[in-house]
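First comes the structure, then the notes that go with it.
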Amino acid sequence: MAGVVEQRSIDVVPDDERHGSAVSQFTLWLGANLQITAVITGALAVVFGANAFWSLIGLLLGNLLGGAVMALHSAQGPRLGLPQMITSRAQFGVRGAVVPLALVIVMYIGFFASGSVLAGQAVGELTHLGETPGIVLFAAVTAVAAAIGYRLIHTLGKIAGLVCALAFVYLGIRLVQRADIGALLHDHRFGLPVFLLAVSLSASWQLAFGPYVADYSRYLPRHTSTRATFWWTLSGSVIGSQWSMTFGALAAAAAPAAFVGHEVGYIVGLGGAGLIASFLYFVIALGKLTINILNTYGGFMSLVTSVSGFRGQRTLSPRGRAAYIAGIMVAGTAVALLGKDSFLTSFKDFLLFLLTFFTPWSAINLVDYYLISKERYDIPALSDPGGRYGAWNARALTVYAVGVLAQLPFLATHFYTGPLVEPLGGADISWLIGLAVPAVLYWLAVRRDTARIPEPAAHDGEAAPAALGG
């Protein structure tokens with residue numbers, strides 16, 4: 001099993017174990033986004049008031065903006081050979097990184113749960129076991145696949161990308177046959193608040209990949225082009241998500257009563273009955289399996305990173321790996337079973353709430369990596385609380401807190417609405433504030449702190465030990 005099950009966790013991937021090309025990022029992220037939760041994210045823009053025409057434009061804008069941020073994180077993987085969140089230690093400190101990490105773990109559990117609700121419906125129908133057993137069975141399969149690791153994840157991404165693309169082409173044809181798409185797109189009335197909601201929904205979808213996207217590019221050869229990694233990741237994620245979200249927005253506009261609250265049943269019914277219906281249930285489960293494995297694997301990485309910051313642990317036994325993954329599975333399954341009856345509204349609020357915490361993290365991480373450290377990190381110091389990055393970085397943590405708080409006046413969710421939302425006509429622009437404010441503040445706070453930055457690599461082609469990634 002050693003050749004099948006991944007042996008690495010949060011340790012650096014050595015050059016002799018690197019493989020693949022940047023194109024693998026396209027197939028992985030295309031497959032991860034051609035799935036039903038992305039469909040529902042697109043539908044939410046229409047459900048909450050936007051017309052189909054402006055929904056599609058808003059969703060595309062959000063996917064491009066959020067996808068660019070996400071792809072910049074992906075480009076860190078080949079350079080550093082590390083999981084995404086462990087690089088947060090360079091900004092927040094070896095132990096201080098646990099602050100954003102704790103929120104990331106909550107995100108993984110939430111996405112695992114929301115995906116399991118939808119996939120559980122499909123598995124329940126496919127196996128005739130019912131929704132609850134379907135959720136449990138789906139969660140168990142997800143955990144086993146995540147435990148096997150990196151190679152299986154990419155292989156599954158390729159298969160899911162092809163199978164789900166064929167299914168979405170077929171479903172798109174069926175939707176065009178059933179609905180008058182021209183009439184749906186004829187209404188061009190513009191409403192800024194609901195347009196910005198559409199942008200925020202898709203941007204949050206993309207930004208939520210940021211904390212783990214480099215986990216799936218870190219095995220690429222060190223000198224893989226940064227530009228190639230960026231563009232292949234961006235194109236796969238944006239094409240897949242916009243394709244799914246466009247289908248969802250049009251389906252919700254064409255048949256709101258039939259679609260909303262019955263998403264799985266509507267999609268399968270749109271495709272047909274008998275073997276076709278069984279195939280579509282399988283496609284829904286396969287698409288969710290792909291992304292839920294990413295969520296489980298990312299949660300596992302984040303838990304290990306959090307614990308190792310205090311224990312000094314760099315490697316993990318197979319038994320420890322299984323225990324961490326089982327913990328993510330149990331927590332996510334419990335949330336799925338508890339929240340399966342109020343999914344749609346809860347998921348919309350969940351996405352927007354998460355955005356409040358991850359935009360400041362993304363801004364700080366990207367400014368530090370690209371503008372301050374110039375793509376150079378002291379790899380050994382990332383595991384040493386007494387080293388270059390320290391245990392806690394008060395400046396970064398303060399900037400992060402300010403970045404979160406700065407968004408609250410502009411935030412609009414079901415359970416909280418900021419005081420500046422109404423003067424803006426109900427528009428939620430919190431994510432823009434969450435990117436801009438901490439980016440500027442962090443740059444001002446650390447731009448002169450040269451002690452944190454290792455020397456450049458000795459020469460091009462080999463990274464000096466203290467400057468891996470350079």
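Dividing the helix sum by the residues of the chain, where each DSSP H run of 4 or more adds -39500 (n - 2.57), gives a mean residue ellipticity at 222 nm of -22000 deg cm²/dmol. For residue 23 and residue 334, FRET efficiency with R0 = 30 Å and r from the beta-carbon atoms, rounded to 0.05? After rounding to 0.05, the efficiency reads 0.20. With a Förster radius of 41 Å applied to the C-beta separation of residue 311 and residue 255, the computed FRET efficiency comes to 0.15.
Give, as a single signed number, the net charge of other residues whose beta carbon lies under 15 Å from the beta carbon of residue 366, with Lys and Arg counted +1 and Asp and Glu -1. Counting the neighbours of residue 366, the net charge comes to +2. Each peptide among 292-298, 51-57, 159-165 gets the average number of other Cβ atoms lying within 10 Å of its residues, and from highest to lowest they stand as 292-298, 51-57, 159-165. What is the range 350-413 by shape, rounded, prolate or oblate, if you read a ≥ b ≥ c off the alpha carbon gyration tensor as root eigenvalues and call it rounded for a/c under 1.5, prolate for a/b larger than b/c, and oblate otherwise? Prolate, since a/c reaches 1.5 and a/b exceeds b/c. Taking 281, 400 and ordering them by how much accessible surface each has at a 1.4 Å probe, largest first, produces 281, 400. Accessible area per residue was computed with a 1.4 Å probe on protein heavy atoms; residue 188 scores about 100 Å².
Using heavy atoms of the protein chains and a probe of 1.4 Å, the accessible area assigned to residue 141 is about 70 Å². Sorting 196, 382 by accessible area puts them as 196, 382; the probe is 1.4 Å, largest comes first, and only protein heavy atoms count.
Ordered by 1.4 Å accessible area with all protein chains kept, 158, 288 run largest first as 158, 288. With an a/c value of 1.5 or above and a/b not larger than b/c for the gyration tensor axes a ≥ b ≥ c computed over the alpha-carbon atoms, the range 180-303 is described as oblate.
Here the chain is treated with +1 on each Lys and Arg Cβ and -1 on each Asp and Glu Cβ, and its dipole about the Cα centre works out to around 560 debye. Residue 103 exposes around 50 Å² of accessible area when a 1.4 Å probe is run over every protein chain in place.
Using a/c under 1.5 as the rounded threshold, could you call the range 1-144 rounded, prolate or oblate? The axes a ≥ b ≥ c are square roots of the C-alpha gyration tensor eigenvalues, and prolate needs a/b larger than b/c, oblate otherwise. In terms of gyration-tensor shape, oblate.
Taking the Kirkwood radius as Rh and the Cα radius of gyration as Rg, the chain has a ratio of Rg/Rh equal to 0.96. Residue-wise HN-Hα couplings along the range 8-16, as the Karplus relation 6.51 cos²θ - 1.76 cosθ + 1.60 with θ = phi - 60° gives them from phi, are 7, 10, 9, 7, 5, 7, x, 4, 6 Hz; Gly and Pro carry x.
In the range 173-236, which trypsin sites (Lys or Arg not before Pro) fall in coil by DSSP and have 10 or fewer other Cβ atoms within 10 Å? Sites meeting the loop and neighbour criteria: 189.
The values are calculated or read from the model by the stated rules, or taken from the named source; none is laboratory data. This is a predicted model, so every value here is computed, not measured. All Cβ positions, glycine included, derive from the backbone under ideal geometry; neighbour counts span all protein chains shown. Accessible surface areas use protein heavy atoms only, side chains included; no ligands, DNA or RNA. Shrake-Rupley method; radii C 1.70, N 1.55, O 1.52, S 1.80 Å.
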